[in-house]
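Before any comments, here is the structure.
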């Protein structure tokens, strides 16, 4: 009897189930929950529509030897791409930002710090919310209503 082996799914969000609602693809059930609760509260938001550049890309002009997929160990002469961040929900008027995070990946803590520093350079930085469960999402909605 042959055993079937499952191929691992390529997921970007750990322990998350992607869902589609009103033609919008959410990366997790918690993001969908947040969207619905914002909608119920009649709070307008943009879902993954605003991208921030945390560090601009650049060319490394000195020698830099790195492994390449097909060429072996080579002198890498390419542009280093921008470091960007796209929060989950953004107020169209710029008053608040919500980043829904059930489980953070390895990169998130560093990008979150860079993002906060980037926002602090603005004249009026938005209020940030980082709910990690449905209860915190509900608290976030109540706090936004008070703004």
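The values are calculated or read from the model by the stated rules, or taken from the named source; none is laboratory data. Small disclaimer: the values here were computed from a predicted structure and weren't measured. Cβ atoms come from the backbone with ideal geometry, glycine included; neighbour counts cover every protein chain shown.
Can you find a residue that is without any contact (Cβ under 8 Å) to a residue 12 or more places away in the chain, surrounded by 12 or more Cβ atoms within 10 Å (Cβ to Cβ) and closer than 30 Å to residue 144 by Cα anywhere in the stretch 52-66?
No - not one qualifying residue is present in the stretch 52-66.
Does the stretch 43-50 include one or more residues that are at pLDDT below 95 and surrounded by 11 or more Cβ atoms within 10 Å (Cβ to Cβ)?
Scanning the stretch 43-50 turns up no residue that is at pLDDT below 95 and surrounded by 11 or more Cβ atoms within 10 Å (Cβ to Cβ).
Which condition number does residue 135 fail, the rest of (1) modelled with pLDDT of 95 or more; (2) under 24 Å from residue 49 (Cβ atoms) being met?
(2)
Does at least one position in the stretch 86-102 carry a residue that is surrounded by fewer than 17 Cβ atoms within 10 Å (Cβ to Cβ), modelled with pLDDT of 95 or more and within 16 Å of the chain's Cα centre (by Cα)?
There is at least one residue in the stretch 86-102 that is surrounded by fewer than 17 Cβ atoms within 10 Å (Cβ to Cβ), modelled with pLDDT of 95 or more and within 16 Å of the chain's Cα centre (by Cα).
As an exercise: evaluate residue 69 against (1) crowded, with 16+ Cβ neighbours inside 10 Å; (2) at pLDDT below 95 and give the number of the one condition it does not meet.
(1)
So the check is Cβ under 7 Å with 6+ separation or different chains; which pairs have a first residue in the stretch 7-24 that's closer than 21 Å to residue 103 by Cβ and a second one that's assigned to a loop (DSSP other than H, G, I, E, B) and at pLDDT 90 or above?
From residues that are closer than 21 Å to residue 103 by Cβ, the pairs are 12/27; 13/27; 13/28; 16/27; 16/28; 17/28; 18/27.
Residues of the stretch 16-32 being in contact with a helix residue (DSSP H, G or I) (Cβ under 6 Å, 6 or more places away or on another chain) and not in a loop (DSSP other than H, G, I, E, B), which ones?
Of everything in the stretch 16-32, those that are in contact with a helix residue (DSSP H, G or I) (Cβ under 6 Å, 6 or more places away or on another chain) and not in a loop (DSSP other than H, G, I, E, B) turn out to be 19, 21, 26.
Restricting the search to the stretch 1-17, which residues are more than 14 Å from the chain's Cα centre (by Cα) and modelled with pLDDT of 55 or more?
Correct list: 15, 17.
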